[in-house]
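Colleague: Below: one structure in structure tokens.
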Amino acid sequence: EELRRCGRQRGWTARVPARPWCARGHTTATLALLNLAGSGGVRKVIVKVTPPAGGPPPRQPPADPTDAVLRDCPPAFRSHVVGQAEPAWPTRTGGLITFQRLAGDDVTTARSLDQLPYHQLRGAIQSIVRALLLQWNVDGPRHNTGVFGHRQPTYAGYLRQLIGAPLSAHGSIRRYAEQLGLPGDQASSIRFTDGTVCPSPLYLISARSPLCRLRLDVLTGRSHRDLHLRNVLVPDTGRPQPALERFQLVDLDTYHPHFCLAVDPVFLLLSGVAHWLPQLPAHRWDAARQAVLRPWQVRDSGPPLDLPRAVLTATTQSINGLGRGLTGDWTTQFQLAVLATALSFTAFTDLGPHRRAWFFRLAAECGRTLLAAADVPVPGAATPMRVRPCAVGWHRAPRTG
């Protein structure tokens with residue numbers, strides 16, 4: 001009905017194509033291929049329907065960032081951005097419908113990163129994160145701009161900005177924590193079923209967090225903010241090696257011109273880990289978590305154990321190569337972004353209960369590492385968890401396309 005209303009106002013009619021395509025996003029969004037038939041002819045677009053967020057409806061319609069993406073984009077990077085076919089349509093209930101052009105003008109000539117074999121994926125992500133830092137942000141990192149108001153945020157404030165709405169009282173992260181038996185941020189520490197005690201990630205982000213005493217300079221710049229594997233496309237040339245230099249970013253409705261630069265590389269990294277984690281037997285999932293927490297110490301190879309080291313190396317070398325003394329800032333906020341992004345992944349219902357629990361524990365152990373670096377002990381009186389981090393013996397082959 002919303003598409004009909006939009007079409008009546010804009011002068012087109014939505015029709016299902018002869019070869020329909022439909023998919024689900026990481027959360028509750030739905031994507032579909034549609035023909036928009038109007039006086040100027042027929043256009044084929046990908047429609048993304050995002051339902052309203054939890055809680056009360058917004059007072060104002062969600063902003064459409066498409067104009068900002070194209071306006072802010074450096075000319076040399078513009079070919080890597082797939083713009084919208086037309087402005088977004090806010091629904092009456094507070095949701096949003098966006099209309100995306102087809103990458104390469106043909107839905108069959110591009111592959112998303114989740115369709116690449118692992119040996120190609122690792123190199124692709126390394127190339128893409130370098131391009132994000134050095135080409136999309138060719139004018140260099142900024143300090144504390146945008147949402148930080150030119151102020152140095154605390155570690156806890158930085159985490160809250162990265163996670164955003166899912167942390168609200170009605171947000172998906174709060175609801176997930178309740179399923180685990182956690183009373184919000186009132187539990188300062190948690191005990192997993194194997195006896196490991198960690199700070200509660202929700203406590204670390206709260207106003208009572210010991211991370212409120214530490215501040216950092218945030219490297220900011222152009223950021224996608226939802227850069228999972230399905231939001232990066234590469235041309236399918238029919239050759240063994242993909243044309244990585246022609247990658248394209250899609251689904252840019254979360255774009256921000258001045259956000260944390262660490263978010264996109266970390267989001268892409270953890271999305272790759274999430275995709276390939278099921279290939280590992282359950283008893284190796286702890287090793288995968290340690291690979292994310294301590295990538296420099298990992299000597300294992302193969303999916304996805306060597307991906308964290310590859311991504312951290314590529315991004316650190318990119319920042320170090322600028323020669324601006326920003327490497328220390330980068331490594332700290334990269335680690336903080338791992339905590340925030342891992343906690344955000346618990347809201348992705350399509351990951352299933354085992355991977356969502358794995359990411360929750362990753363966030364908790366990352367918090368423990370941060371407290372140890374600050375010489376702060378983990379609070380006592382730990383709240384026991386209700387669920388195991390993963391089911392022993394659970395295993396399935398990864399989807400390859």
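The values are calculated or read from the model by the stated rules, or taken from the named source; none is laboratory data. Every value quoted in this text rests on a predicted model; they were computed, and no experiment measured them. Here the Cβ is made from the backbone with ideal geometry for all residues, glycine too, and neighbour counts use every protein chain on show. Just the protein is used for accessible areas: all its heavy atoms, side chains included, with ligands, DNA and RNA removed. Shrake-Rupley method; radii C 1.70, N 1.55, O 1.52, S 1.80 Å.
Colleague: Work out the FRET efficiency for Asp236 and Ala68 from their Cβ-Cβ distance, taking R0 = 22 Å, and round it to the nearest 0.05. Present the calculation step by step, with values, prior to reporting the outcome.
Modeller: Working: r = 30 Å, r/R0 = 1.35.
Efficiency for this residue pair is about 0.15.
Colleague: A further question follows. Rolling a 1.4 Å sphere over the protein heavy atoms, what is the accessible area per residue of region 191-269, to the nearest Å²? Walk me through the numbers on the way to the answer.
Modeller: On the way: 2800 Å² over 79 residues.
Normalised by residue count, the accessible surface of region 191-269 is 35 Å².
Colleague: Two-decimal Rg/Rh of the chain from alpha-carbon positions, Kirkwood Rh? Each step should come with its number before you reach the end.
Modeller: Values: Rg = 21.1 Å, Rh = 22.1 Å.
Looking at the chain, the ratio lands at 0.96.
Colleague: Using the Karplus equation 6.51 cos²θ - 1.76 cosθ + 1.60 (θ = phi - 60°), what ³J(HN,Hα) coupling, rounded to whole Hz, does each residue of region 38-43 give in order, writing x for Gly and Pro?
Modeller: Rounded to whole hertz, the list is x, 5, x, x, 10, 10.
Colleague: Mind checking which of Ala18, Ala68, Ala85 has the largest fluctuation in a GNM of the chain, springs on alpha carbons under 10 Å?
Modeller: Ala18
Colleague: Which parts of region 246-285 would a label at Asp139 reach, counting a residue when its backbone N lies under 19 Å from a point 7 Å out along Cα-to-Cβ?
Modeller: Only 255-262 fall inside the zone, counting backbone N under 19 Å.
Colleague: I've got another one for you. Pull out a ≥ b ≥ c, the square roots of the eigenvalues of the alpha-carbon gyration tensor of region 115-274, then state rounded if a/c is under 1.5, prolate if not and a/b is larger than b/c, and oblate in the remaining case. Could the numbers behind the result be given before it?
Modeller: Numbers: a/c = 2.46, a/b = 1.50, b/c = 1.64.
Oblate is the answer for region 115-274, as a/c is 1.5 or above yet b/c matches or exceeds a/b.
Colleague: Need the C-alpha centroid separation for region 333-389 versus region 224-297, integer Å.
Modeller: Computed from Cα coordinates, the inter-centre distance equals 19 Å.
Colleague: Which percent of the accessible area of the chain is formed by carbon and sulfur heavy atoms (probe 1.4 angstrom)?
Modeller: Details: 9120 of 17890 Å².
After summing per-atom areas, the C and S share lands at 51 percent.
Colleague: So for the chain, taking the charge dipole from beta-carbon charges (+1 Lys/Arg, -1 Asp/Glu), which of Trp21, Gly146, Gln248 sits furthest toward the positive end?
Modeller: Trp21
Colleague: I've got another one for you. With n ≥ 4 as the cut-off for DSSP H runs, can you work out [θ] at 222 nm for the chain, using -39500 (n - 2.57) per run divided by the number of residues, rounded to the nearest 500? List each step's numbers first, then the result.
Modeller: Numbers: 11 runs with 131 residues, N = 401.
Result for the chain: -10000 deg cm²/dmol, rounded to the nearest 500.
Colleague: So what J values fall out for region 181-195 if you push phi through Karplus, 6.51 cos²θ - 1.76 cosθ + 1.60 with θ = phi - 60°, rounded to Hz, Gly and Pro as x?
Modeller: x, 8, x, x, 8, 6, 8, 7, 9, 9, 10, 7, 5, 8, x
Colleague: Whole-Hz Karplus ³J(HN,Hα) for region 290-295, in order, using 6.51 cos²θ - 1.76 cosθ + 1.60 and θ = phi - 60°, x for Gly and Pro?
Modeller: Karplus values, whole Hz, x for Gly and Pro: 5, 5, 6, 6, 9, x.
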